Amino acid sequence: MADNQFPVAPRASNIEYAIRDVVVPALALEEQGHEILKLNIGDPIAYPGLPTPQHMVDAYVKALQDGKNGYSHSYGIHELRRAIAHDENRKGWDAQPSDVYVCHGVTEALQILFASVLTEGDKVLAPGPHYPPYMAYPQMYGAKTIEYKLQPDNGWKIDLSDIESKMDSSVRLLVLINPNNPCGSVAGQEEIEQLLGIARKWPNCMIVADEIYDGLDFTGLQKSVASLSKEVPVITLNGVSKVYYAPGWRIGYLAVHDPTNRLLNVRDGIERMLRSRLCASTPAQLGYLAGLESDRTWMEAYAEKVVHQRDVCVERISQIEGLEVQSSGGAFYMFVRLLDEKWANDDKQFVLDLLHEEHVLVVHGSGFSPVLGKGHFRIVYLPDEGVLNEAFNRIESFLLRHRRS
């Protein structure tokens, strides 16, 4: 490479996003004519049988046909903010439309929150394994992310003692992803109340409750963090992508629960950030509004399909020597443990070799945490049963071949 390359900012060059990074070699194989079995990305639309509900699509299209393509309010269309607040009220806390801010998905909501809260030397405490932006974005604002442990041999439950040991006055945000990505674990009321008890000891710390998968809880244990908090400020994150099966619409929100009225300055920062980037997509907001205001019985059939495919994966994995998994309680992910020493010590090489030899694409666990995710890989169990079975046939052949070599 020439020595005269224009310098790149470290904040960009240091970012890794394992879920999409593994797609690069997969695309190269596809260009060579190979068909890839993709179990890597949490996009329901990438798989047959889980389309965006027609009434939501119709509302989106009608918005376009009616010319509702202009800028909307920077904080979101009022009717949508009101519908979201009503939905959060249904989950157990007194959300008002003014508490809701509509964003370009949860990822933008995170960027805006981090920009509004974090300064040099601050810390974010997030679960490990974690969704990659929780590690990537805080460093842009001079902060850093510290991982707290999830317990791999105990259903990926939160290690509360580990959180206690890592809390200090510089921790501004304590993150709970519930249900969890990538592990599929679900934290219930008892765990959440213990988490709130820890945060209560540190007055400069608020909870970030990433609940984008809350409608895909198969345990019945999932609770809104805001509904359980009487003192600790909570920022709830959610949106249209997962539970409403419309990820490409890029509509999410953050909702502020401020029971002791301590976030006035943070709210001002959030609102300034939102105004500076204009608005989220107007017709997509109207599509989401139709989803919130319409009958939701369609979700039952979708959930049944997802649960069935989860059970297929658990059964198949239990029969493959060299793999181990705990059934997920929510979302549509499994975090599979590699038992063969060769792969347990290099899960990324496992993923790359599996891709090139068997044309099956999964995501290496160390991409979700170099230490706490090591020796695992994540699968998405949204593909049809036939695709899942063929993928596991190939994974089993791959493991057996390398064990003999």
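Yes/no matrix, rows are residues, columns are (1) in contact (Cβ under 8 Å) with a residue 60 or more places away in the chain; (2) crowded, with 19+ Cβ neighbours inside 10 Å:
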{"residue": "ALA284", "(1), (2)": "yes, yes"}
{"residue": "GLY329", "(1), (2)": "yes, yes"}
{"residue": "LEU338", "(1), (2)": "no, yes"}
{"residue": "LEU352", "(1), (2)": "yes, no"}
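Given (1) in contact with a Cys (Cβ under 8 Å, 6 or more places away or on another chain); (2) without any contact (Cβ under 8 Å) to a residue 60 or more places away in the chain; (3) of a type outside the set (S, T, N, Q), where does ILE146 come up short, assuming only one miss?
(1)
Among residues belonging to segment 359-375 that are in contact with an Asp or Glu (Cβ under 7 Å, 6 or more places away or on another chain), in contact (Cβ under 8 Å) with a residue 40 or more places away in the chain and not in a helix (DSSP H, G or I), point out the one that is surrounded by the most Cβ atoms within 10 Å (Cβ to Cβ).
So the residue we want is HIS364.
Kindly establish whether ALA59 is of a type in the set (A, V, I, L, M, F, W, C) and within 30 Å of SER328 (Cβ to Cβ). Give the derivation first.
Values: of a type in the set (A, V, I, L, M, F, W, C): yes; within 30 Å of SER328 (Cβ to Cβ): no.
When the stated conditions are applied, ALA59 does not pass them.
Please state which one of SER227, SER241 is in contact (Cβ under 8 Å) with a residue 40 or more places away in the chain, part of a helix (DSSP H, G or I) and in the same structural domain as LEU118 (by TED's automatic domain parsing).
Numbers: SER241 fails: part of a helix (DSSP H, G or I).
After ruling out the rest, the residue left standing is SER227.
Could you list, in sequence order, the residues of segment 376-405 that are part of a helix (DSSP H, G or I) and of a type in the set (Gly, Ala, Ser)?
Scanning segment 376-405 gives GLY386, ALA391, SER397.
Is it the case that some residue within segment 269-277 is of a type in the set (Lys, Arg) and in a helix (DSSP H, G or I)? It would help to see each step written out before you state the result.
Filtering segment 269-277 down to residues of a type in the set (Lys, Arg) leaves 272, 275, 277.
Subset that is in a helix (DSSP H, G or I): 272, 275.
Yes, segment 269-277 has at least one match.
If ALA63 passes every condition in (1) surrounded by fewer than 20 Cβ atoms within 10 Å (Cβ to Cβ); (2) farther than 27 Å from ALA303 by Cβ; (3) touching a helix residue (DSSP H, G or I) at 6+ places or on another chain (Cβ under 8 Å); (4) touching a residue at least 40 places away in the same chain (Cβ under 8 Å) but one, which one does it miss?
Failing condition for ALA63: (1).
In segment 121-148, which residues are at pLDDT below 95, crowded, with 23+ Cβ neighbours inside 10 Å and touching a helix residue (DSSP H, G or I) at 6+ places or on another chain (Cβ under 6 Å)?
PRO138
Can you tell me which condition GLU300 does not meet? The list is (1) of a type outside the set (Ser, Thr, Tyr); (2) over 25 Å from LEU64 (Cα atoms); (3) surrounded by 15 or more Cβ atoms within 10 Å (Cβ to Cβ), and all the others hold.
If we test GLU300 against (1) of a type outside the set (Ser, Thr, Tyr); (2) over 25 Å from LEU64 (Cα atoms); (3) surrounded by 15 or more Cβ atoms within 10 Å (Cβ to Cβ), just (3) comes out false.
Can you tell me which residues in segment 141-171 are under 27 Å from ASP217 (Cα atoms), part of a loop (DSSP other than H, G, I, E, B) and touching a Ser or Thr at 6+ places or on another chain (Cβ under 9 Å)?
GLY155, TRP156
I'd like the full set of residues that are closer than 25 Å to GLU79 by Cβ and either free of Cβ contacts under 8 Å to residues at least 12 places away in the same chain or buried (at least 18 other Cβ atoms within 10 Å of the Cβ) (or both), limited to segment 255-271. Steps first, answer last, please.
We begin by selecting, within segment 255-271, every residue closer than 25 Å to GLU79 by Cβ; these are 255-258, 263, 267-268, 270-271.
Listed by number, the residues that qualify are ALA255, VAL256, HIS257, ASP258, LEU263, ARG267, ASP268, ILE270.
Could you tell me which residue of segment 24-60 is surrounded by the most Cβ atoms within 10 Å (Cβ to Cβ), considering only residues that are of a type in the set (Gly, Ala, Ser) and at pLDDT 90 or above?
Pass one, segment 24-60, residues of a type in the set (Gly, Ala, Ser): 26, 28, 33, 42, 46, 49, 59.
This time we only want the ones that are at pLDDT 90 or above, so: 33, 59.
Working: GLY33: 6, ALA59: 21.
Filtering segment 24-60 for residues that are of a type in the set (Gly, Ala, Ser) and at pLDDT 90 or above, the one surrounded by the most Cβ atoms within 10 Å (Cβ to Cβ) comes out as ALA59.
Out of the residues in segment 378-389 that are more than 16 Å from the chain's Cα centre (by Cα) and either within 13 Å of LYS348 (Cβ to Cβ) or among the hydrophobic types (A, V, I, L, M, F, W, C) (or both), which is surrounded by the fewest Cβ atoms within 10 Å (Cβ to Cβ)? Lay out the reasoning, then the answer.
To start, the set of residues in segment 378-389 that are more than 16 Å from the chain's Cα centre (by Cα) comprises 383-389.
Next, from what is left, pick out any that are either within 13 Å of LYS348 (Cβ to Cβ) or among the hydrophobic types (A, V, I, L, M, F, W, C) (or both): 387-388.
Working: VAL387: 17, LEU388: 21.
So, considering only residues that are more than 16 Å from the chain's Cα centre (by Cα) and either within 13 Å of LYS348 (Cβ to Cβ) or among the hydrophobic types (A, V, I, L, M, F, W, C) (or both), the one surrounded by the fewest Cβ atoms within 10 Å (Cβ to Cβ) is VAL387.
Select from segment 172-198 the residues that are buried (at least 24 other Cβ atoms within 10 Å of the Cβ), on the phi < 0 side of the Ramachandran plot and either part of a loop (DSSP other than H, G, I, E, B) or assigned by TED's automatic domain parsing to the domain that holds SER366 (or both) and list them in ascending order.
Result: ASN178, PRO179, ASN180, ASN181, PRO182, CYS183, SER185, VAL186, ALA187.
Identify, from the list GLN151, GLN96, the residue that is out of contact with any helix residue (DSSP H, G or I) (no Cβ under 8 Å at 6 or more places or on another chain) and in the same structural domain as LYS166 (by TED's automatic domain parsing).
On the way: GLN96 fails: out of contact with any helix residue (DSSP H, G or I) (no Cβ under 8 Å at 6 or more places or on another chain).
Among GLN151, GLN96, only GLN151 is out of contact with any helix residue (DSSP H, G or I) (no Cβ under 8 Å at 6 or more places or on another chain) and in the same structural domain as LYS166 (by TED's automatic domain parsing).
Does segment 117-140 include one or more residues that are in a helix (DSSP H, G or I), within 16 Å of ILE235 (Cα to Cα), outside the structural domain of HIS364 (by TED's automatic domain parsing) and among the aliphatic types (A, V, I, L, M)?
So far as segment 117-140 goes, yes, one or more of its residues are in a helix (DSSP H, G or I), within 16 Å of ILE235 (Cα to Cα), outside the structural domain of HIS364 (by TED's automatic domain parsing) and among the aliphatic types (A, V, I, L, M).
The values are calculated or read from the model by the stated rules, or taken from the named source; none is laboratory data. No experiment lies behind these values; they were computed from the predicted model shown. Cβ sites come from the backbone with ideal geometry, for glycine too, and all protein chains shown count toward neighbours.
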